[in-house]
2 protein chains.
Amino acid sequence: MKFRIDPLPQPGSYPGTAIVVDVIRATTTAALYLRAGAKALVLAPGVEVARSLRQDGEILAGEVGGLPPEGFDLGNSPREVGAVAGKTVVMATTNGTRAAHAALGARHILLGSLQNAQAVAEVAAGSGGEVAIVCAGKEGNIALDDLYTAGVIGRRLQALGFAPEGEMAHLALFLAENPPLPVLTASEAAKALVAVGLGEDVAECARVDAHRVVPRFLGMRGEGMVFGL
Amino acid sequence: MKFRIDPLPQPGSYPGTAIVVDVIRATTTAALYLRAGAKALVLAPGVEVARSLRQDGEILAGEVGGLPPEGFDLGNSPREVGAVAGKTVVMATTNGTRAAHAALGARHILLGSLQNAQAVAEVAAGSGGEVAIVCAGKEGNIALDDLYTAGVIGRRLQALGFAPEGEMAHLALFLAENPPLPVLTASEAAKALVAVGLGEDVAECARVDAHRVVPRFLGMRGEGMVFGL
């Protein structure tokens with residue numbers, strides 16, 4: 001069986017299993033909300049859509065420039081996921097949601113990060129069919145942190161018997177030979193967090209195989225994509 | 001002083017020194033023609049232009065699908081550069097020439113490869129101003145082999161006091177932590193050579209710091225770009 005790695009989302013080209021990666025911070029934090037007991041997660045393409053999708057008793061999470069917008073309960077920091085047990089979290093993200101939308105049509109859509117790298121590789125391998133790792137990138141540009149994470153997940157897929165297909169998969173696999181923190185720290189996404197005082201989020205996102213929670217796409221709620229366990 | 005790495009050529013954006021990289025095989029072989037005593041090198045954008053630019057007594061070098069076209073003296077293999085001493089070589093390449101053309105307007109244009117990595121970094125560092133490493137890529141797609149080579153040259157620029165600018169420079173530098181032959185072998189360019197029986201060229205292109213010959217842009221001959229020492 002094969003896997004490929006897309007440095008940027010290619011809408012409509014994922015028939016099998018798609019692993020969406022926006023490691024700093026959307027897909028890292030998404031898994032942590034579920035791990036903290038959230039009932040479900042609604043990925044919304046932006047702050048206004050998230051506001052309109054939120055129902056009574058639900059948590060609103062999102063960020064503009066790394067910080068929670070006015071009226072939001074949480075700011076998408078992986079270090080602040082406490083009060084979500086038993087609740088649905090409506091989560092506004094831009095790049096991560098765009099990548100997840102590009103994967104619509106795939107048989108399975110999973111959210112991957114360094115923290116769940118081994119677990120997401122195992123779920124993908126067990127789902128049958130080809131696997132594509134879809135990097136979110138940043139505003140249409142390739143993101144070092146996402147490509148690196150795709151390579152780390154790809155190494156685990158290799159160990160599970162999958163073969164890399166295409167030059168970008170090999171590039172990511174070679175990138176993944178480096179330790180996580182220096183690579184993530186060199187990314188633009190990390191620098192943007194450091195600039196608003198959230199540098200510690202980078203170290204949190206760089207923890208490899210920290211847990212085994214894998215968000216899976218369950219269906220749509222309007223423009224929002226619902227993920228759960 | 002800073003350097004950046006462009007995974008694909010960005011025409012018209014190189015005011016300082018541009019190092020053009022098409023490691024399999026154009027910029028590797030170009031340096032070897034000069035090292036073998038060629039008087040000058042004319043980079044031509046394609047086989048027909050090369051034919052029209054060749055003057056009496058000059059050598060015609062080029063490839064289609066890795067092999068020399070009809071009437072050509074040489075096939076751009078780094079293992080076949082013998083009979084060029086004292087002569088001008090008109091060299092047809094597609095991706096490499098396109099990248100060199102994109103660098104027109106730069107104060108200095110150099111051809112870089114793994115074989116002259118240290119030497120080209122030193123020449124660039126000594127030329128004053130900012131440095132950009134311009135990867136040729138393959139038909140508009142990012143090429144693993146070129147980005148890796150850019151990283152290897154970038155490591156040497158760092159050692160000379162230059163600082164990487166931009167996420168792609170960091171990506172290439174992390175890629176360059178891997179040994180050369182496995183990376184080059186995983187590239188599409190290498191696979192295409194293996195498919196026509198020229199796999200040994202890949203090992204030749206993967207030799208790091210094998211010599212100190214750095215081709216420099218001297219001027220135009222029609223559509224051709226003339227390089228020499």
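Each semi-axis of the equivalent ellipsoid for the range A:158-229 is √(5λ) with λ an eigenvalue of the Cα gyration tensor; in descending order they amount to 24, 23, 13 Å.
Relative to the Cα centre, what is the charge dipole magnitude of the range A:32-131, using +1 at the beta carbon of each Lys and Arg, -1 at the beta carbon of each Asp and Glu, and rounding to the nearest 20 debye?
160
Within the same chain, aspartates and glutamates fewer than 8 places from B:LYS87 are excluded, and of the rest, those with a Cα less than 15 Å from its Cα are B:ASP56, B:GLU58, B:ASP73.
When +1 charges are put on Lys and Arg Cβ atoms and -1 charges on Asp and Glu Cβ atoms, the dipole computed for the protein assembly as shown relative to its Cα centre reaches about 220 debye. Once the Cα atoms of helix A:117-126 and of chain A are each reduced to a long axis, what angle between those two axes, in degrees from 0 to 90 to the nearest 10, is obtained? With both axes taken from Cα atoms, the answer is about 70 degrees. Per-residue Cβ neighbour counts within 10 Å put A:LEU157, B:LEU104, A:LEU34 in the sequence B:LEU104, A:LEU34, A:LEU157, beginning with the fewest. Cα-Cα pairs above 28 Å in the protein assembly as shown: how many percent? Tail of P(r) above 28 Å: 53 percent of Cα pairs. Using 0.36 nm per residue and subtracting the Cα-Cα separation, the extra length available between B:ALA195 and B:ASN141 on full extension is 17.5 nm. Over all other residues within a Cβ to Cβ distance under 13 Å of A:ALA92, the charged ones net out to -3, with Lys and Arg as +1 and Asp and Glu as -1.
With N the number of residues in chain B, Rg(Cα) / (2.2 N^0.38 Å) evaluates to 0.91.
Taken as Cα centroids, the range B:184-228 and the range A:126-198 sit 29 Å apart, rounded to the nearest whole angstrom. Rg and Dmax of the range B:61-115, based on Cα coordinates, read 12.8, 36 Å. Can you figure out the FRET efficiency of B:ARG107 with B:ARG79, using R₀ = 51 Å and their beta-carbon distance, to the nearest 0.05? For R0 = 51 Å, the calculated efficiency reads 0.95.
Relative contact order of the range B:2-75: 14 percent, from C-alpha pairs under 8 Å at least 6 residues apart in sequence.
Our helix-only sum for chain A, with -39,500 (n - 2.57) per DSSP H run of n ≥ 4 divided by its residues, gives a mean residue ellipticity at 222 nm of -10000 deg cm²/dmol.
Only lysines eight or more places from B:LYS191 in sequence, or on another chain, were considered; those with a Cα closer than 22 Å are A:LYS2, B:LYS138. Between the amide H of A:GLY75 and those of A:GLY62, distances stay under 5 Å, these residues lying 5 or more places away or on another chain, with hydrogens modeled in the peptide plane. For chain B, the longest principal axis of the Cα atoms and the long axis of helix B:144-159 meet at an angle of about 50 degrees.
Residues whose amide H falls under 5 Å from that of A:VAL20, counting only those 5 or more places apart or on a different chain, are A:LEU110, A:LEU111, A:GLY112, A:VAL134, with hydrogens built in the peptide plane. The value of relative contact order for chain B, using C-alpha pairs under 8 Å at least six residues apart, is 33 percent. The charge dipole of the range A:138-229, taken about its Cα centre with unit charges on the Cβ atoms of Lys, Arg (+1), Asp and Glu (-1) only, comes to about 340 debye. Compared with the rule-of-thumb size 2.2 N^0.38 Å for a compact globular protein, the range A:1-99 has a Cα radius of gyration ratio of 1.11. Phi angles across the range B:13-24 convert, under the Karplus curve 6.51 cos²θ - 1.76 cosθ + 1.60 with θ = phi - 60°, into 3J(HN,Hα) values of 10, 10, x, x, 9, 10, 9, 8, 10, 9, 5, 10 Hz, Gly and Pro given as x.
Since every read-out is calculated from the coordinates, none of them should be taken as a lab result. For clarity, every value in this text was computed on a predicted model and none was experimentally measured. Ideal geometry is used to build each Cβ from the backbone, glycine not excepted, and the neighbour counts take in all protein chains shown.
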